[in-house]
1. Please report the antiparallel percentage of DSSP beta bridges with both residues in the chain, rounded to the nearest 5.
2. Across every pair of different alpha-carbon atoms, what Kirkwood hydrodynamic radius in Å does segment 262-352 reach?
3. To the nearest 20 Debye, how big is the dipole of segment 169-264 about its Cα centre, given +1 on the beta carbon of each Lys and Arg and -1 on that of each Asp and Glu?
4. If amide hydrogens are placed 1.01 Å from N in the peptide plane, which non-local residues have theirs closer than 5 Å to the one on V119?
5. Send over the Kirkwood Rh of segment 34-96, from the inverse of the averaged 1/r over different Cα pairs, rounded to one decimal Å.
6. At what distance in nm do the modelled label points of K275 and E159 sit from each other, each positioned 7 Å from its Cα along Cα→Cβ?
7. Which length gain, in nm to one decimal place, applies between K166 and K320 when the Cα-Cα distance is subtracted from 0.36 nm times their residue separation?
8. So if each residue of separation counts as 0.36 nm, and I subtract the Cα-Cα distance between E68 and K371, what length gain in nm does that give?
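Read the figures in this text as sums done on the coordinates, not as results from a lab. Just so you know, these numbers come straight off a predicted model, no measurement behind them. No Cβ is skipped: glycine too gets one built from the backbone with ideal geometry, and neighbour counts run over all protein chains shown.
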Amino acid sequence: MLVDLILKNVKIPLEDRIIECGIAIDKGKIHTIAKTSNLPKGSKIMNLKGNIVFPGLIDAHVHLRDLELTYKEDFYTGTCAALAGGFTTILDMPNTKPPTNTVSRLKEKIEIAKKKIVVNVGFFTSYVSGIKELRRLKSSGAFGMKLYPYDQLGKSVLEDTGIFMKTLAANRVVNLPTLIHAESPQIIDRNEKRLEALQDYSAKAYINAHPPEAEIEAIKKICQITKETRSQLHFCHITLNKSLSLIEEARAIGTNITCEVTPHHLLLTRKIVEKERGNAVMNPPLRTFSEVRSLWEGLIAGKIDIISSDHAPHDLIEKKEKMEKKILPGVPGLETTLPLLLTKVNQNKISIFHMVKILAENPAKIFRIRKKGQIIQGFDADFTIINMKKRSKIDSSEFYSKAKYTPFDGFETIGKPIKVFVNGELAMEDGEILLKPGNGRILYS
Ligand code: DOR
Ligand code: ZN
Ligand code: ZN
């Protein structure tokens with residue numbers, strides 16, 4: 001038989017060893033993984049020259065911003081940033097304008113995304129009440145429900161224990177994961193009001209308004225509730241040692257809880273805010289060196305399930321310190337995450353096998369993204385090809401993202417994605433995007 005494409009001379013990190021082999025791809029799927037001499041014939045052959053092949057990487061926490069916030073990012077620029085950064089699948093957050101919180105809004109997003117995307121994209125929903133609507137949202141494709149301490153609708157589900165419990169119970173019935181931005185709305189509200197009264201809109205004041213207690217308080221309360229509802233829960237971007245120990249405690253009694261950490265919380269401390277000002281402001285904020293160290297310990301010990309970028313682009317003007325207005329929190333991360341983490345692999349801080357788990361296999365399992373996250377026969381032919389030795393310097397002016405800033409500007413990295421395949425097609429090569437808008441695929445749960 002003749003398959004569409006053969007990738008020869010590849011190195012695949014599998015469990016705990018590197019396999020040297022070839023991959024046959026047919027109709028967008030992995031057809032065979034074998035010694036090159038044992039592969040079927042291909043209409044095309046590509047020699048990957050011994051570079052590392054990861055399963056297509058998955059970023060489960062991305063704010064693409066389309067529909068009405070396209071001045072910050074849109075489905076095309078955001079997914080180009082994903083490709084350039086080595087991600088083949090991303091999940092889009094619902095805190096857009098309008099928020100994704102009805103079936104018709106989800107469908108509207110999907111229709112617009114279909115024409116613009118260049119990677120695989122799935123969507124989360126915001127808070128929705130009622131099992132019927134939830135069921136419809138799930139069958140229309142939603143991968144989970146994201147809850148914020150400060151909802152766009154002016155109230156927070158996290159604030160009201162009764163509503164929160166009901167929501168978790170409903171999500172459990174329809175088998176929808178609940179994702180949480182864990183910061184206590186009461187603590188943040190109180191602090192932000194105080195700053196407003198003082199008219200202190202500096203980056204430092206903003207960060208102080210989001211203290212560790214806000215995260216701890218929220219995680220404590222939510223873990224307690226989850227012990228009763230037993231629903232699937234995912235904590236986004238945790239930043240503290242104490243958060244990890246609370247989560248471990250809840251897991252020990254059999255709750256279904258997972259958690260994520262971002263590269264900025266793993267690699268930066270709040271010290272950098274003095275230099276980077278608004279460009280280093282995000283929620284939750286950067287913490288101390290000792291927290292960073294414990295996040296690494298937690299990661300290495302397997303207590304952290306995934307790394308996500310929390311790509312949260314804004315316009316530059318929204319990141320500047322101003323006299324009269326709050327800085328908007330969030331940093332772009334799609335184009336910095338992988339080179340930064342590969343640098344840590346090169347420094348022996350984390351193994352390449354562990355990277356595959358937290359950037360591909362685990363997000364696929366947690367959010368039940370079918371046929372993705374591993375290099376297995378029959379799975380989708382999404383691959384991220386890595387040159388482990390390639391050195392570069394982070395330069396936000398070169399981003400595909402509309403957000404041309406990052407607190408990592410000037411950081412030197414070792415290791416870079418050099419090619420990306422999406423559903424069997426070469427989609428990115430040496431930073432160049434080869435797919436046309438609309439060639440990506442919508443994912444449905
Ligand atoms: O820094 C953040 N930015 N944290 C959030 O929770 C929201 C996000 C955004 O949408 O900009
Ligand atoms: Zn968040
Ligand atoms: Zn976010």
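1. Working: 32 of 62 bridges.
Among the beta bridges of the chain, antiparallel pairing accounts for roughly 50 percent.
2. 14.2 Å
3. Rounded to the nearest 20 debye, it is 260 debye.
4. G440, R441
5. It is 14.4 Å.
6. 3.9 nm
7. Details: separation 154, 0.36 × 154 = 55.44 nm, distance 3.98 nm.
Gain on stretching K166 to K320: 51.5 nm.
8. Working: separation 303, 0.36 × 303 = 109.08 nm, distance 3.19 nm.
The E68-K371 span can extend by a further 105.9 nm.
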